[in-house]
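Working notes, structure below.
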Amino acid sequence: MRFQLLATIILTQYSSFSHGEEKIVKYDKLLEYEEVTVTSVKPSYIRIMHKNGMTSIPIEKLSKDVRENLGLTLDSADTYRKKISNRLNEQRKMAIRKAKIEKVFAKYQYSASGTILQVVNGGLLVRDVYLKKTIPIITKEEKKIPYKVQTGGPTKLSPRRPRTIYTRYRYEWVEVKDYGAFTIPLLFIRCETSKYVVDDKFTEEVYEDDTFSYTTILGAAKTITAYTTDASKVLERYGLNQ
């Protein structure tokens, strides 16, 4: 009912309703629409269906009287457009941030499994750690695929003719996932340690961190590779934690 009423308002402003005359709505010097129905009203535009299709019309192309009848103002249109623009800008920023996070995780996130050698302050010494990327690197390579082709065989005239089958090949590009899996003899993993004990199995997602230095029981100083279970540390490193 509302849209029918709005259409009536606009048509009343611009059209003749005499029997047999065309109903034409003229919004500016260039645009004329016949058989108009208003389907949507927004602060900055209206959407209409007309004889030849549908279109959107900015409120600037409506007369002042029509704008007032529809409860539209130029100021409210400007405010609405700024709101939409700000929302789109925010969505773009979020999409860019999400893409950057996915790129960082693709490079630094691993699924780790190993055996806990020692529980120390701030983390674990884990031996024989198998690391595998959780997000694989995807490439394409050409693969040779065999298929069988019959080039001869029995016919009505030669029912005993032997079948002749050849192997032929076609080439296709297929996706190849590289998880970059490898094993590290000894690894330090920064994490909350209260739930772990020596000789437990460690299986969690971890992220490349930096290094860890310690002194062996023989008094020798050693530095080994360190990972962390805290993804926020990696995001903070790249300014993506906000």
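The values are calculated or read from the model by the stated rules, or taken from the named source; none is laboratory data. Predicted model only: the values in this text are computed from it and were never measured. Because the Cβ atoms are built from the backbone with ideal geometry, glycine has one as well, and the counts that use them run over all protein chains shown.
Table for the structure above
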item: Count of segment 91-136 residues which are over 14 Å from the mean Cα position of the chain (by Cα) and either of a type in the set (Asp, Glu) or over 27 Å from residue 176 (Cα atoms) (or both); result: 14
item: Residue ID - surrounded by the fewest Cβ atoms within 10 Å (Cβ to Cβ), chosen from residues in segment 56-81 that are among the small types (Gly, Ala, Ser) and at pLDDT 90 or above; result: 76
item: Checking residue 175 against (1) acidic (Asp, Glu); (2) loosely packed, with under 10 Cβ neighbours inside 10 Å; (3) closer than 23 Å to residue 116 by Cβ, the condition it does not meet; result: (3)
item: Residue ID - surrounded by the most Cβ atoms within 10 Å (Cβ to Cβ), chosen from residues in segment 149-161 that are more than 57 Å from the chain's Cα centre (by Cα) and not hydroxyl-bearing (Ser, Thr, Tyr); result: 161
item: Meets criteria (under 30 Å from residue 106 (Cβ atoms) and part of a loop (DSSP other than H, G, I, E, B)) for residue 204; result: no
item: Which listed residue, of 10, 48, is at pLDDT below 90 and in a strand (DSSP E or B); result: 48
item: Hits in segment 82-121 (condition: polar (S, T, N, Q) and surrounded by 13 or more Cβ atoms within 10 Å (Cβ to Cβ)); result: 109, 111, 113, 115, 118
